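Reading through the C-alpha cells given below for one structure.
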Amino acid sequence: MRLLKTNLSLKDVKPKTQDLIKAMFKNIPSGLGSKGKVKVKTQEEFNNVLKLGAKWAVENGYGWKKDLKHLESNGCLKEADPSLTSDQAKKRGMPQLGSLGSGNHFLEIQIIDEIYNPDVAKAFGLEQKNQVTVMIHTGSRGFGHQVCSDYLRAMEKAFPKIISKLQDRELIYAPAGSELAEKYFKAMACAANFAWCNRQMIVHWVRESFEEVLKKDAEDLGLEIVYDVAHNIAKIEQHEINGKKIKVYMHRKGATRAFPPGHPEIPSDYRSVGQPVLIPGSMGTASYVLVGTKEGKESFYSTAHGAGRVMSRHKALKQYRGEQVVKNLASKGIFIKTASWKGAAEEAPGVYKDIDEVARVSHEAGIAKKVVRLIPLGVTKG
C-alpha cells in the first residue's frame, strides 16, 4: 500500500476527476497479465531491480530521492539474493514491472472525509477535510507469486513429515534455521523489492498524469509520499516474548505493520507520533489512515490490512454485473475506469467487509488508532 498527499482540495479536482482517472488508466498498465511500460531487457538488469527495490526506480528517473525515506525499510530488504529466484519467476516478472495488475489492486483519487486526530494527521501532512490524496494498492505481481509457488513445492518435497501433520498442504513451511528457510527468506526479499520498485514507478506516472491534466508541476501540486507499507511480508524483527527480547521471523500475511512512537524504523519526521498505517476499503468505500501505538505490542505491532472478502470471486460473478456496479458507483459520484467488467463484478463493494467496522475494531482494541478517513472520487481497476 502507498499513499500520496497533495496540496489540492475537492474544488480543485472534482471537475477534473474523470480526466485524471483516464490519464492514470492510460499511463499505468492494468488488468490481468498486464505488462509494464518499462522493458527490462536483461536478467542482469532485472537482478538489480530485485537487489535495490525502490532505489533502482529512483536512480533510473522514477521519482525523487526524498521518496525513499517514507517507504517501509526505505523500499529495500538488503537480504535479497536474486540468484535464489527461478528463471520462471524472472520470466514472469520482467515484463510486468511497472504495472498495476488485476484483482483487488487499484489506484484511487480520494479526499479526506474525517479527521480523528488532528495533531497526528498534521504530522502526516493530512491537514484538512477535502484535501486530495492518491492511494495505490499493488504488489510483486506474477514474480512474487512464482517465487512463493517454487518454494512451496520445494518445502513439500523436503519436509513430508511436516505435511502429514497439516490440515492443508498450503500451510507447509521450512523450519527456521534450515537451509531452505534461509533461501526462501532471501528470495521473498526479492519479491518485496520488486513490489516497492513497482509502486515507485507507478507513483512517477501518477505524478505525470496530474501534471498532464492540471498543467502544473508535481512538486507544486505537493504530490508527496505519506507512507508505503507492505501487507504480505516476512521480516526479521526484535520482539519481547515472555519478558525477553528476541529476534524472530515476523510474518504479516494480510496484516499491516503498526510500529509505536519512538520506534527506530519509523521515518524521523513521524517518530514522535508513530507509524502511518494504511487500511484500504473496497472499491467505492472509505479507506483509513491509522497510527501505531505502544498498546500494539499485544499484537506484535500489527493490525488489519483492509476490508477483507466475505464472498468468493466465483460467487460475486453470479451476484453482480460489472456494468451495473460501475453505474451504481457513478450515481454516488465515484468514477470507475476498469480493464474488464468481470473485474468490476468480482470487486463489487458488497463482497467485502464493512471497512468502518474494521477500523473501529482496531481503534477500540488500541492496536492502531484512527487518524483520518478517506473517501473515493475515482478509481482505476485492473
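Among Q96, Q88, Q200, the residue with the largest mean-square fluctuation in a Gaussian network model of the chain, with springs joining Cα atoms closer than 10 Å, is Q88. Pairs of Cα atoms nearer than 8 Å and 6+ residues apart set the relative contact order; for the chain it is 24 percent.
Placing a label point 7 Å from the Cα of A154 along the Cα-to-Cβ direction, no residue of the stretch 209-243 has its backbone N under 14 Å from that point. Mind jotting down the distance between the C-alpha centroids of the stretch 173-199 and the stretch 16-42, whole Å? So the separation of the two Cα centres works out to 27 Å. Dipole magnitude for the stretch 2-381: about 820 debye, using +1 per Lys or Arg Cβ and -1 per Asp or Glu Cβ, origin at the Cα centre.
Using the number of other C-beta atoms within 10 angstrom as an exposure proxy, rank V206, V40 with the fewest first.
The order, fewest Cβ neighbours first, is V40, V206.
Expressed in nm², what is the orientationally averaged projection area of the convex hull enclosing the Cα positions of the stretch 172-223?
5.1 nm²
Among S9, S30, sorting on how many other beta-carbon atoms sit within 10 Å of each Cβ, with the fewest leading, yields S9, S30.
Listing C148, C197 from fewest to most neighbouring C-beta atoms within 10 Å gives C148, C197.
Which value, in Å to one decimal place, does the Kirkwood hydrodynamic radius take for the stretch 2-381 when every pair of different Cα atoms is included?
When all Cα pairs of the stretch 2-381 are included, the Kirkwood radius is 21.3 Å.
When the Cα gyration tensor is reduced to axis lengths a ≥ b ≥ c, the ratio a/c is 1.5 or higher for the stretch 234-290, and with a/b not above b/c it is classed as oblate. Excluding same-chain neighbours fewer than eight residues apart, the lysines reachable from K369 by a Cα-Cα span under 17 Å are K122, K294, K297. Across the alpha-carbon set of the stretch 27-131, the Rg to Rh ratio works out to 1.06, Rh being the Kirkwood radius.
A short reminder: the numbers here are calculations on the coordinates, not readings from a lab. Quantities reported herein were computed from a predicted structural model and do not represent experimental measurements. Counting neighbours? That spans all protein chains shown, and the Cβs are built from the backbone with ideal geometry, glycine included.
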